[in-house]
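First the structure, in the form of C-alpha cells, and then the observations on it.
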Amino acid sequence: MRPSPDDPGFPAARAAAAGSLAELDAVVPACRACPRLVAWREEVARTKRAAFRDWTYWGRPVTGFGPPDATLAVVGLAPAAHGGNRTGRAFTGDPSGDVLYAALHSLGLASRPVAEHPGDGLALRGVRITMPVHCAPPDNRPTTGERDTCRPWLARELELLRPTLRTIVVLGAFGWQATLPVLGHAGWRLPRPRPAFGHGVEVPVEDPLGDRPVRLFGCYHPSRRNIFTGRLTPAMLRDVLGRAAADAGLEPRT
C-alpha cells in the first residue's frame, strides 16, 4: 500500500516512483509528512500578510522550477513564507528571488529579471532551481529531521537531471550540507575529506555513470540579511552563477 501524504515515508515512496520531473512536480505538492511545516505554511496562508491580503496563498510544498534537461541546478534552502508559499513557485515574490532572478537575467539565463507569480512569463534557459526543503519553515529554519524527511524529493530531482547535469550551485551552508549526502548516496564520488561550504568554492564531483565530473559551486544565499549586510553583493552572485553557467556549457552573457 502507498503511504498517505501525512506519513513520514511518503516522500521516499512517491519520489522513487516518479519517472520524470513532470511526475515529481505533480506529487510534491501533496506532501504533508512534516507536521510542524504543514501547520506553519497553512497558518501563514490563512492569516496572510497585510500587503497580500487579496492573494489566495499557495500554502503547499513548492516544486522545482526550470526545464527537465537543465545543465545547471541551483539548490536553495526552502520557500519563503510570503514568497514561494504565497505564489507557488521557487524564489518568486520575495527579495531573495528578486536578486537571484536579476542575476540570472543579466547572464541571459532567465527571460525576465523579476519573478512575481507563475503566470508572469518567466522562463529559465538551461537552469533548474530546487531546494532541500519544499515547505516554508518558521523563521526560515527547517530542522535536520525535516531536511532528512524531505531529502528524497531532492535526491530524485537530481537523479532525473543526471543525464544532462553538469554543474550545481548551492546557495548557503544549509543547502550544502543537504546536497552532499544526496550526491554521495546516489554514487557521485565526493572528495575526501568532505569539502566545507564557502562562497566561491568549486568542487569536482566524479560521476561513475557519466563521462565527465559534475562541478559543485558554493555561494552565499541571497537572503535579505546577506544582501543588506554586504556579505553577498549582486556582483558576487553573478560571478558564481556566471562561472557555473560557463562550466555547464550555457554560454552566459558577459
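The values are calculated or read from the model by the stated rules, or taken from the named source; none is laboratory data. Since we're looking at a predicted model, the values are computed, not measured. Don't worry about glycine lacking a Cβ; one is built from the backbone with ideal geometry, like all the others, and counts go over all protein chains shown. What goes into the accessible areas is simple: the full protein's heavy atoms, side chains included, and nothing from ligands, DNA or RNA. Shrake-Rupley method; radii C 1.70, N 1.55, O 1.52, S 1.80 Å.
Numbers at a glance
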item	result
All positions within region 174-188 that are without any contact (Cβ under 8 Å) to a residue 60 or more places away in the chain, more than 16 Å from ARG215 (Cβ to Cβ) and either touching a strand residue (DSSP E or B) at 6+ places or on another chain (Cβ under 8 Å) or open to solvent by 40 Å² or more (accessible area, probe 1.4 Å) (or both)	GLN177, HIS185
Odd one out for PRO191 among (1) modelled with pLDDT of 95 or more; (2) open to solvent by 10 Å² or more (accessible area, probe 1.4 Å); (3) closer than 20 Å to ARG243 by Cβ	(1)
Of all residues making up region 20-67, the number that are under 17 Å from the mean Cα position of the chain (by Cα), among the aliphatic types (A, V, I, L, M) and within 24 Å of GLY121 (Cβ to Cβ)	6
Of residues in region 1-32 being under 21 Å from THR87 (Cα atoms) and not in a helix (DSSP H, G or I), the one least open to solvent (accessible area, probe 1.4 Å)	CYS31
Candidates ARG212, ARG225, filtered to the one that is surrounded by fewer than 14 Cβ atoms within 10 Å (Cβ to Cβ), basic (Lys, Arg) and modelled with pLDDT of 95 or more	ARG225
Pair list, Cβ < 6 Å and 6+ apart or interchain, from region 47-58 residues that are farther than 12 Å from HIS117 by Cβ and among the polar types (S, T, N, Q) to residues that are open to solvent by less than 80 Å² (accessible area, probe 1.4 Å) and part of a helix (DSSP H, G or I)	none
Residues of region 33-61 that turn out to be assigned to a helix (DSSP H, G or I) and open to solvent by less than 50 Å² (accessible area, probe 1.4 Å), as a count	6
Only one of ALA78, ALA45 that is in contact with a Gly (Cβ under 9 Å, 6 or more places away or on another chain) and within 30 Å of GLY242 (Cβ to Cβ)	ALA78
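For (1) open to solvent by less than 10 Å² (accessible area, probe 1.4 Å); (2) among the small types (Gly, Ala, Ser); (3) free of Cβ contacts under 8 Å to residues at least 40 places away in the same chain, each residue gets a yes or a no:
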residue	(1), (2), (3)
ILE129	yes, no, no
PRO132	yes, no, no
ALA136	yes, yes, no
ASN140	no, no, no
THR144	no, no, yes
GLU157	yes, no, no
VAL169	yes, no, no
